[in-house]
Amino acid sequence: LVLVVWQVLVWAEVAPAYKLPSPSAVWDEVRTAWLQGTLLDYIWTSVSRGLLGFLLALAIGTPLGLLVARVKFIRAAIGPILSGLQSLPSVAWVPPAVLWLGLNNSMMYAVILLGAVPSIANGLVAGIDQIPPLFLRAGRTLGATGLKGTWHIVMPGALPGYLAGLKQGWAFSWRSLMAAEIIASSPDLGVGLGQLLENGRNNASMSQVFLAIFLILLVGIAIDLLIFSPL
């Protein structure tokens, strides 16, 4: 349906070709990138960074969320900061990250972590807050205290909210990475999907811009269908 509407708009000439390329022009970009052997490189450069950054955010956000949810003074001190960081646009972290770390992969991962960790931690906190207190009391009565209580009662009980936080954390990871790739460019970083989008803008090639947008959407849909929907 999208393709049909798109082609009808092209035929109706609602915008010049340099502003609204035809589907065939974008397909030519796909074919050219495939024949040059760069299409999969664009995708893998971004996906590998995004997944690694998300796993790092998961390793940091999960224990942080447990601490915030279970320790009152930590919650009072850090809880509002996490909420504030979650509402801060990820693109705001790119300039300081470039100045602090330089144009390298460390800068990319720092931006991803700052975007994703608050979402994962807050999702886990929300999930723990929704656990019926009776479950926690029954667990303590049966000897599930400390790490045993966390593993057998707290984490399973918080799983719905935790998974919602993970899904949102991935969305923030992907957005943060695209913002970093668009703003920060260097030969050492390679060409990911964000840099492909920026290259299309610099070259005034709307077909290349559309190609980058479609690939970014495709990766987001694929991750959701392959990982989060089954979970």
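Given (1) over 26 Å from L85 (Cβ atoms); (2) open to solvent by 40 Å² or more (accessible area, probe 1.4 Å), identify the lone condition not met by L196.
Failed condition: (2).
For segment 106-131, give me each residue that is surrounded by fewer than 17 Cβ atoms within 10 Å (Cβ to Cβ) and in contact (Cβ under 8 Å) with a residue 12 or more places away in the chain.
Once the filter is applied, which keeps residues that are surrounded by fewer than 17 Cβ atoms within 10 Å (Cβ to Cβ) and in contact (Cβ under 8 Å) with a residue 12 or more places away in the chain, segment 106-131 yields D129, Q130.
Sort out for me the helices (runs of 4 or more DSSP H) sitting completely within segment 1-104 that have 1 or more residues that are basic (K, R), farther than 30 Å from W151 by Cβ and open to solvent by 40 Å² or more (accessible area, probe 1.4 Å).
23-35
Take segment 42-54 and flag every residue that is farther than 10 Å from L196 by Cβ and not polar (S, T, N, Q).
Scanning segment 42-54 gives W44, V47, R49, G50, L51, L52, G53, F54.
Among the residues of segment 20-75, count how many are over 18 Å from F214 (Cα atoms) and among the β-branched types (V, I, T).
Residues that pass the stated criteria total 5.
Residue by residue, here is whether (1) open to solvent by 30 Å² or more (accessible area, probe 1.4 Å); (2) in contact with a Phe, Trp or Tyr (Cβ under 9 Å, 6 or more places away or on another chain); (3) among the aromatic types (F, W, Y) holds:
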position	(1), (2), (3)
L147	yes, no, no
W151	yes, no, yes
L159	yes, no, no
L189	no, no, no
N202	yes, no, no
I213	yes, no, no
L231	yes, no, no
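The values are calculated or read from the model by the stated rules, or taken from the named source; none is laboratory data. Note that the structure is predicted; figures quoted are calculated from it, not measured. For neighbour counting, all protein chains shown are included, and Cβ atoms are generated from backbone atoms with ideal geometry for every residue, glycine included. Areas reflect the complete protein model, heavy atoms only, side chains present, ligands, DNA and RNA absent. Shrake-Rupley method; radii C 1.70, N 1.55, O 1.52, S 1.80 Å.
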